[in-house]
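> Before we start, here is the structure in question, set down as C-alpha cells.
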Amino acid sequence: MPYQQNHPGHQGHQDHRASPTPAAHLLCVVAARPNLMKMAPILAALGRQAPALRVTLLHTGQHYDPAMSGQVFADLGMRAPDIALDVGSGSHAQQTAEIMRRFDAVLDAHPPPAPDAVLVVGDVNSTLACALVAAKRAIPVIHVEAGLRSGDRRMPEEINRVLTDQLSALLLTSEDGARANLLREGIAAERIVFTGNVMIDSLRRQLPRAVAPATTLRLHGHACPPTYGLLTLHRPSNVDDAGQLAALLEALGQLARQLPLLFPVHPRTRAALRLAGLEQQLARHAIVCLPPLGYLEMLGLMRDARLVLTDSGGIQEESTALGVPCLTLRENTERPVTVSVGTNTLAGTQPASIVALARGMLETGGKRGAMPPLWDGHAAERVAAAVIAWLAAHRELP
Ligand code: UD1
C-alpha cells in the first residue's frame, strides 16, 4: 500500500452506513512545516463549532524530518494525522505527481460517499497536488490563504497559488489585498471570504509557552548573545545557486560583526551549503548555525530578536505580529500588508543593499508597524464559520 491509515477507530473513519443522513465530511490536508501552524487552530475551531462534522486529517509527508513535522505537531498540541502519504522529497514534478497518485489512491480506497470538500492551506506543492486531484473528482476545494500574489512566476509557490485558487470553490483570504487579486483573475466575488490570518491565531495562543532563547541556545551548545538578529534562508532563488548563497553569506557575515546572527538552517539550505562547500565560510563569521527548531523555540527567538532577516513567507507575518523589524531577502512579497502596515521591509537580494538597510535599522530601531486587519487571533473561528456555512449550503444529501 502506498499509504497508511492511522487510527482506524478515529471519528474520521466511522462507518456511516447505518445513518440515514451522515454527518458532513471534510478532508484537511497538511504537508509542510508552515501548514501546521495554519491547520491547528482551524481543526480546533471546527471541533468547537461543529462537533458532529467528520474531519479527516491527511499528511502528505512533504516534510518528514521530526524537526520539520513531528516536533511541530507536538508544540501545537495537534492530533496525529488519520492518513499519511509518506511522499518525501523529489523534483517538483516528481513530488507533485507522487502526491497526486497517492492521494487519488486514498480517495479510491475510501468508502463512498466521497468527502464533501477538501480543505488545503498555503502554497506548497501538496496544496496544488491535492487540490487538482479533488477538483478532477468533482470534490469541492476550500483554500485557506487564497489570493496572495508575488507577481513572480519564477517562484514555484506562485504557480501553486494561482492554480489552487482557480480550482477552489471557496477562497478564504488572510489579508485585504488578496480579494482584488482574485477578482482580477476572474474568481467570482461570492466565493471569496476575508477571514484573516490563521497563523497569527497559533502565534497568539502559543506565545506564552515560547522557549527562552538562552534555553534553546544552551540546548544546542551555544551561549546566548545579549542582542542578536535572527536569520532564515530557504528560497530556491537564494540557496540553490552557489554564487548567490556565497554572496549573501559574505554580506551577512559583515553584518554579524555588528550584530550576532542566529541561523536555524533549513534542510534544503543545509544541503546547499554542503554542496557549495560553504560551511567553512559560515564558521568564520559570527553566524551561529542551529538545526531546524521547534515552533516554541522559534517563537522565543523571534520575539526577542532585534532584527529578523528572512526569505520565508510565514516569518514575514510572524515578525509583523510580534512587532519585530524584518528585512525580507527577496525582490517581492506575496504578503504586501506586512510592508504597508507591518514591520517588514523588502531588502532585495543584493548583498550591499541588505547590509546598508540592516545597519540603518540598527541605528533607527527599524520600522514600528501595526497589526494588519483581522490578524486578531480569531481568524480560525471565521474560517470554521465560513466552511460550515458553505457545507450547509452546498452539500448534496443522499
Ligand atoms: C517547501 C515549500 C515552501 C515552504 C517551505 C517551508 C514548495 C514548492 N515549497 O519548501 O513554500 O516555504 O516548504 O519549509 O512546496 N528536506 C528534508 N527534510 C524535510 C523536508 C525537506 O531534508 O523534512 C529537504 C530535502 O532535501 C528536500 C528539500 O529539503 O529535497 C526541499 O524540501 P521541499 O519540501 O521540497 O521544499 P522546501 O524547500 O522545504
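Throughout, read-outs are computed from the coordinates displayed, never taken from laboratory work. Keep in mind it's a predicted model, so treat the numbers as computed, not measured. With ideal geometry, Cβ positions are generated from the backbone for all residues, glycine too; neighbour counts draw on all protein chains shown.
> Give the shape of the range 181-297 as rounded, prolate or oblate, defined through the alpha-carbon gyration tensor: a ≥ b ≥ c are the square roots of its eigenvalues, a/c under 1.5 means rounded, and otherwise the shape is prolate if a/b is larger than b/c and oblate if not.
Oblate shape, in that a/c is at least 1.5 and b/c is the bigger or equal ratio.
> Explain nothing, just the number: relative contact order of the range 211-364, from Cα pairs under 8 Å at least 6 residues apart, as a whole percent.
Working: 244 pairs, mean separation 38.3, N = 154.
Relative contact order for the range 211-364 comes out at 25 percent.
> Next question. When ranked by the protection proxy of mean other Cβ atoms within 10 Å per residue, highest first, what sequence do the peptides 170-182, 382-394 form? Walk me through the numbers before you get to the answer.
Numbers: 170-182: 22.0, 382-394: 17.8.
Ranked by mean Cβ neighbours within 10 Å, highest first: 170-182, 382-394.
> Over the range 112-172, what relative contact order in percent results from Cα pairs under 8 Å that are six or more residues apart?
Details: 97 pairs, mean separation 23.5, N = 61.
Worked out over the range 112-172, it gives 39 percent.
> Right, here's the next one. Go ahead and set up a Gaussian network model of the chain, Cα springs under 10 Å, then flag whichever of A109, A129, A40 fluctuates most.
Result for the chain, Cα springs under 10 Å: A109 fluctuates most.
> Please work out how much length the chain gains when fully extended from E250 to K136, using 0.36 nm per residue of separation minus the C-alpha to C-alpha distance, in nm with one decimal.
Residue separation times 0.36 nm, minus the Cα-Cα distance, leaves 36.3 nm.
> What does the C-alpha gyration tensor say about the overall shape of the range 211-364? Classify as rounded when a/c is under 1.5, otherwise prolate if a/b is larger than b/c, or oblate.
On the way: a/c = 1.36, a/b = 1.05, b/c = 1.29.
Here the range 211-364 falls in the rounded category.
> Below 8 Å between Cα atoms, with a sequence gap of 6+, how large is the relative contact order for the chain in percent? Walk me through the numbers on the way to the answer.
Numbers: 740 pairs, mean separation 64.5, N = 398.
Worked out over the chain, it gives 16 percent.
> Which whole-number percent of Cα pairs in the chain have a distance greater than 33 Å?
Working: 23916 of 79003 pairs.
Tail of the P(r) past 33 Å holds 30 percent of the pairs.
> Give me a comma-separated list of calculated 3J(HN,Hα) values for the range 24-39, in order, Karplus coefficients 6.51, -1.76, 1.60 applied at θ = phi - 60°, integers in Hz, x for any Gly or Pro.
Here the 3J(HN,Hα) series is 4, 10, 10, 9, 9, 10, 10, 8, 10, 2, x, 5, 6, 5, 7, 6 Hz.
> Hey, what number do you get for the chain at 222 nm if only DSSP H runs of n ≥ 4 count, each worth -39500 (n - 2.57), divided across all residues, to the nearest 500?
Details: 17 runs with 178 residues, N = 398.
Mean residue ellipticity at 222 nm (helix-derived): -13500 deg cm²/dmol.
> What's the angle, to the nearest 10 degrees (0 to 90), between helix 242-256's Cα axis and the longest principal axis of the chain?
That works out to roughly 60 degrees.
> Moving to a separate point now. Rounded, prolate or oblate, given the Cα gyration tensor of the range 101-218, with a/c below 1.5 counting as rounded? Don't skip to the answer; put the middle values down first.
Working: a/c = 1.91, a/b = 1.34, b/c = 1.43.
Oblate is the answer for the range 101-218, as a/c is 1.5 or above yet b/c matches or exceeds a/b.
> So how far, in whole Å, is the C-alpha centre of the range 331-398 from the one of the range 271-325?
Using only Cα atoms, the two centres lie 18 Å from each other.
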